[in-house]
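I have placed the structure first, in the form of structure tokens, so that the comments after it can refer back to it.
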Amino acid sequence: MGQRDEVVERVGWSLPGWLGAAAGMLALAGALYGCRLLGWIPDTVTDFLGPGAQVRSDDAARAGQGAYVAGCAVLAVLAFGGLTRCRSGCALGLSLFGRYRGTVRRTGLRWVNPLVLRRRIDVRLRHWRSEPLSAVDADGMALRVEALVVWRVRDTARALFAVQDHDAYLRGQIEVALARVFSRLPPEAFHESAPTLRDPEAVGTELAQVLSEECAAIGVEVLAVRPTRIEYAPEVADAMHRRRIAALDARQRAGVLTSVVDSVEDTLERLTGRGLVELDEYERNALVRDLTVAFARGDAHT
């Protein structure tokens, strides 16, 4: 259970910076006073400061005064060494002997344990535009893709300690997400209504979902993914253009044929339903042929 808590962000212990600065100044003043008692400060300085306490020459007193000066010096080093400036949009990840000790997100001058290791991490909203990446579509045709990713660090503990470099991990997962999503989508929906590579909203939504699932383990939140460029090789693009034109032509011919058949059927129903004509099977077939030719020519001229 404790091992699991190490990779979950929690509040790190810190104090206002003015407390550390005040403690350091007091410790520094105490060390200077001890040095004056021991006579370690030149006479010109002591004369300027005025008469001080009588310096005792016995060894026990000087040993005590030396320990007092050493203690004040150590306190001053610890007080000043723990001061750190926390900027807006950044957090401090604290660790001691390799163990996570919390995260400081408060801004301004803060004092933290000077013995802990402090690592800064950017928690602001960030965006990254990828270089052209290779992928294939559902038909196996190669293409080059550029994407814009909007993200931020949600859990600093996971981003710092669950992976060596969360930036590099995110960029690697973008390539994986592109390969997974684009291999499932066709370049065109020629015969049915379905998401294709020409629908940037659908592609971006699916990319964001896949990338969010992959990056949740390192504390990175993916807010949006938008493909900014999707292009094929010139020869592939020409073949796709010819295929698109052929599909549109076939769709248009199918629409014209459906319109002609509906017109012929409606005309026959009106003629026979009102009793205007009585047709046997041969005459009916001949009339259907003549009406079909007439309506087809009319649609072709329009």
Practice problem: Within segment 22-81, track down each residue that is on the phi > 0 side of the Ramachandran plot and at pLDDT below 60. | Solution: Gly50
Quiz prompt | Single match in Leu170, Leu207 (criterion: touching a Cys at 6+ places or on another chain (Cβ under 7 Å) and either within 30 Å of Thr84 (Cβ to Cβ) or touching a residue at least 24 places away in the same chain (Cβ under 8 Å) (or both)) | solution = Leu170
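Per-residue answers, yes or no, for (1) under 30 Å from Glu9 (Cβ atoms); (2) touching a Lys or Arg at 6+ places or on another chain (Cβ under 8 Å); (3) at pLDDT below 90; (4) not assigned by TED's automatic domain parsing to the domain that holds Asp139:
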{"residue": "Ala157", "(1), (2), (3), (4)": "yes, yes, no, no"}
{"residue": "Phe161", "(1), (2), (3), (4)": "yes, no, yes, no"}
{"residue": "Gln164", "(1), (2), (3), (4)": "yes, no, yes, no"}
{"residue": "Ser183", "(1), (2), (3), (4)": "no, no, yes, no"}
{"residue": "Phe190", "(1), (2), (3), (4)": "no, yes, yes, no"}
{"residue": "Thr196", "(1), (2), (3), (4)": "no, no, yes, no"}
{"residue": "Arg226", "(1), (2), (3), (4)": "yes, no, yes, no"}
Quiz item: Can you name the condition, by its number, that Val149 falls short on among (1) touching a Leu at 6+ places or on another chain (Cβ under 6 Å); (2) modelled with pLDDT of 85 or more; (3) buried (at least 16 other Cβ atoms within 10 Å of the Cβ); (4) at negative phi?
Solution: (1)
Quiz item: For the subset of segment 82-105 comprising residues that are modelled with pLDDT of 90 or more and in a loop (DSSP other than H, G, I, E, B), which member is surrounded by the fewest Cβ atoms within 10 Å (Cβ to Cβ)?
Solution: Arg105
Practice problem: Looking at (1) in contact with a Gly (Cβ under 7 Å, 6 or more places away or on another chain); (2) exposed (fewer than 13 other Cβ atoms within 10 Å of the Cβ), find the lone condition where Asp155 falls short. | Solution: (2)
Quiz item: In segment 211-229, which residue that is in a strand (DSSP E or B) and charged (D, E, K, R) is surrounded by the fewest Cβ atoms within 10 Å (Cβ to Cβ)?
Solution: Arg229
Quiz item: Are any residues in segment 135-172 in a helix (DSSP H, G or I) and aromatic (Phe, Trp, Tyr), and if so, which ones?
Solution: Phe161, Tyr169
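Can you pull out every residue in segment 106-125 that is crowded, with 16+ Cβ neighbours inside 10 Å and within 15 Å of Val153 (Cβ to Cβ)?
As a first pass, look at segment 106-125 and keep what is crowded, with 16+ Cβ neighbours inside 10 Å: 110-113, 116, 118, 121, 123.
Scanning segment 106-125 gives Ile121, Val123.
The values are calculated or read from the model by the stated rules, or taken from the named source; none is laboratory data. None of the values given here were measured: they were computed from a predicted structure. So basically every Cβ, Gly included, is an ideal-geometry build from the backbone, and we count neighbours across all protein chains shown.
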